[in-house]
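Asker: Take this structure, written in structure tokens, and hold onto it; I'll ask about it next.
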Amino acid sequence: MRLLFTVQRYHADVVGGSEAACRGYAEHLASEGHDVTVATSCSTSHHDWANSLDNGVSTMNGVTVIRFPVARARTEQNFGR
């Protein structure tokens, strides 16, 4: 089965609830032989959303990961509104 997950951040260092759940499901399904792809951002920080990972296609633990750059990082000034 081919599956696509979309999540805001995807990386081993990201421990957020939805991100960790997505990574767990994706890696489990990939280990069972499914073709799993994740579409995500290049950010690892929910504080500023800065691009910290390279954009493009990579593979993590059997999961194809497609990263897209964040167009505009978040600042505390514009987020607080």
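The values are calculated or read from the model by the stated rules, or taken from the named source; none is laboratory data. Since the structure is predicted, the reported quantities are computational estimates derived from the model, not experimental observations. Note that we place each Cβ from the backbone using ideal geometry, even for glycine, and neighbour counts take in every protein chain shown. Ligands, DNA and RNA are excluded from the accessible area calculation, which covers all protein heavy atoms including side chains. Shrake-Rupley method; radii C 1.70, N 1.55, O 1.52, S 1.80 Å.
Asker: Per residue, what accessible area does the chain have, given a 1.4 Å probe and all protein chains present, in Å²? Display every interim value, and only then the final one.
Answerer: On the way: 5200 Å² over 81 residues.
Per-residue accessible area for the chain comes out at 64 Å².
Asker: Tell me whether the range 2-48 comes out rounded, prolate or oblate; compute the Cα gyration tensor, take square roots of the eigenvalues as a ≥ b ≥ c, and use a/c under 1.5 as the rounded threshold.
Answerer: Details: a/c = 2.87, a/b = 1.93, b/c = 1.49.
Prolate, since a/c reaches 1.5 and a/b exceeds b/c.
Asker: On a 0 to 90° scale, report how tilted helix 17-31 is relative to the longest principal axis of the chain, with both axes built from alpha carbons and the result rounded to the nearest 10.
Answerer: Compared with the principal axis, the helix lies near 20 degrees.
Asker: On the full set of protein chains, 1.4 Å probe, figure out the accessible area of L4 and give it in Å² to the nearest 10.
Answerer: So the heavy atoms of L4 present about 120 Å² to solvent.
Asker: Please list, by residue number, everything in the range 15-36 whose backbone N is under 13 Å from a paramagnetic label point 7 Å out along Cα→Cβ of I66.
Answerer: The answer is 36, whose backbone nitrogens lie closer than 13 Å to the label point.
Asker: According to the square roots a ≥ b ≥ c of the eigenvalues of the Cα gyration tensor, what is the shape class of the chain, taking rounded for a/c under 1.5, prolate for a/b larger than b/c otherwise, and oblate for the remainder?
Answerer: Values: a/c = 2.77, a/b = 2.04, b/c = 1.36.
Prolate is the answer for the chain, as a/c is 1.5 or above and a/b outweighs b/c.
Asker: Treating the beta-carbon of each Lys and Arg as +1 and of each Asp and Glu as -1, no other charges, what is the dipole magnitude of the chain about its Cα centre, to the nearest 20 debye? If you can, show how the numbers build up before the last one.
Answerer: Numbers: 7 positive and 8 negative charges, 61 e Å.
Dipole about the Cα centre, nearest 20: 300 debye.
Asker: Once the dipole of the chain is set up with Lys and Arg at +1 and Asp and Glu at -1 on Cβ about the Cα centre, which of G56, A12, A30 lies farthest towards its positive end?
Answerer: G56
Asker: Going by amide H atoms built from the backbone, whose H comes under 5 Å of the H on V65, apart from near neighbours?
Answerer: Answer set, sorted by chain and number: V38, S58, T59, M60.
Asker: Residue separation times 0.36 nm, minus the C-alpha to C-alpha distance between A21 and R2: what's the value?
Answerer: Numbers: separation 19, 0.36 × 19 = 6.84 nm, distance 1.84 nm.
Between A21 and R2, full extension yields an extra 5.0 nm.
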